[in-house]
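Note sheet for the following structure.
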Amino acid sequence: MASQSHSPAVPSLPFGRFANGPSVPFGARGRSVIMHAMRPLIIAANWKMNTTSADAGELAATIAARTEEPGVIRVICPPFVCLSAVRDALVGKGVAVGAQNVHHELAGAYTGEISAAMLDGLATWVILGHSERRRDAHETDELIGKKLARAISSGLRPILCVGELLAEREAGRAVEIVADQLRGALAGKDPEALVGAGFVIAYEPVWAIGTGRTASSADAAAMADAIRSTLAADLGWGQAAESVPILYGGSVTSANIGEFLGEPSIDGGLVGGASLKPDEMAGMVARAALVARTRAQDKGVR
Ligand code: PEP
């Protein structure tokens, strides 16, 4: 369905292949400490319920102009009603457009909902399972799993959000909660189809979203490792787990993104409040571009 390319600015690596290594069969159990996926760096902007169709296009164009850096996939996810303005403003700019949600059915009696068919030509990415939707719209892991299946079958590139509440972290249950969310949404799904669709996971501790508090980069990296372990071992993804980009989200700014991108297991940010500010976006994407260059050099990619 998608009429825009996912990332015109970044040469795509075949998913399921590993830089400097052979392709790896999906479903093989166990993780390799030798081969690492050459995962893309991604900065995704979640504008939430901000902007109108009168101002969203101009903001998107300004951000696109201020973030022209090689090696970083940029995605802007405005409200549904701003998608066409943002799409028009971003034509030829190398920035992808995403939706913030999608219904699991393609059409029917679902008042107020938006289907994947309606997003055709408007968005190529979609955020799924954001904690604000889990909280306000009572989305369950099972429902999010259905949305994920719909996104994949409709050619939308999904960002699946997972993360624990503060009480769950304080009780030492953060990894268990996130693993449950992954199992709930992903059980029974074909890893090859997901990875082939460019599946992305965003780890967003709920207590860090919009609060000005962040996880420590070490805790975020430990969770990224736990997420890949859950995919690889519990869900049987094997090596395919290594090619899933994992973003950190939760009060990310240009001042703190460097800490998170300093962790090799973290591949970018899902950014809310700061993504509405062109200066902030410029700073975050510039830092991501620097990290992309360093990682490519480390892997001997020219
Ligand atoms: C988000 O919307 O996913 C998010 C992380 O928001 P913020 O950056 O404002 O915390």
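Quick notes on this structure:
- Residue list for the range 256-279, restricted to those being within 16 Å of the ligand (Cβ to nearest atom), out of contact with any strand residue (DSSP E or B) (no Cβ under 8 Å at 6 or more places or on another chain) and free of Cβ contacts under 8 Å to residues at least 60 places away in the same chain: 256, 258, 259, 274, 277
- Any hit, the range 217-224, residues being away from the ligand (no atom under 16 Å from the Cβ) and in contact with a Gly (Cβ under 6 Å, 6 or more places away or on another chain): no
- Selection within the range 246-255: residues that are more than 11 Å from the ligand (Cβ to nearest atom) and more than 22 Å from residue 60 (Cβ to Cβ). The member of this set that is farthest from the chain's Cα centre (by Cα) is 255.
- Criterion (under 24 Å from residue 125 (Cβ atoms), more than 15 Å from the ligand (Cβ to nearest atom), among the aliphatic types (A, V, I, L, M) and in contact (Cβ under 8 Å) with a residue 60 or more places away in the chain) met by exactly one of 282, 193: 282
- Residue 221 being in contact with a helix residue (DSSP H, G or I) (Cβ under 6 Å, 6 or more places away or on another chain) and more than 25 Å from residue 135 (Cβ to Cβ): no
- Contact annotation: residue pairs with Cβ atoms under 6 Å, 6 or more positions apart or on different chains, pairing a residue in the range 75-101 that is more than 15 Å from residue 151 (Cβ to Cβ) and touching a residue at least 12 places away in the same chain (Cβ under 8 Å) with a partner that is of a type in the set (Phe, Trp, Tyr) and assigned to a loop (DSSP other than H, G, I, E, B), are 78/47.
- Close pairs from the range 236-255: first at pLDDT below 95, partner acidic (Asp, Glu) and part of a strand (DSSP E or B), Cβ under 7 Å, at least 6 apart: none
- Residue in the range 223-242 that is farther than 19 Å from residue 178 by Cα and among the β-branched types (Val, Ile, Thr) present: no
- One residue from 67, 140, 52, 124 being away from the ligand (no atom under 16 Å from the Cβ), touching a residue at least 12 places away in the same chain (Cβ under 8 Å) and within 23 Å of residue 286 (Cβ to Cβ): 67
- Strands (runs of 3 or more DSSP E) fully within the range 52-166 that include at least 1 residues being over 20 Å from residue 274 (Cβ atoms) and of a type in the set (Val, Ile, Thr): 125-128, 157-162.
- Which listed residue is in contact (Cβ under 8 Å) with a residue 60 or more places away in the chain and over 30 Å from residue 84 (Cβ atoms), from 198, 172, 188, 163: 163
Table: residues versus (1) within 18 Å of the chain's Cα centre (by Cα); (2) at positive phi; (3) away from the ligand (no atom under 16 Å from the Cβ).
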residue	(1), (2), (3)
179	yes, no, yes
207	no, no, no
235	no, no, yes
242	yes, no, yes
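- So residue 141, is it surrounded by 13 or more Cβ atoms within 10 Å (Cβ to Cβ) and on the phi < 0 side of the Ramachandran plot: yes
- Some residue of the range 110-119 being within 16 Å of the ligand (Cβ to nearest atom), among the charged types (D, E, K, R) and at pLDDT 95 or above: no
The values are calculated or read from the model by the stated rules, or taken from the named source; none is laboratory data. From a predicted model like this one, the values you see are computed outputs, not experimental measurements. FYI the Cβ positions are ideal-geometry reconstructions off the backbone, even for glycines, and counts take in every protein chain you see.
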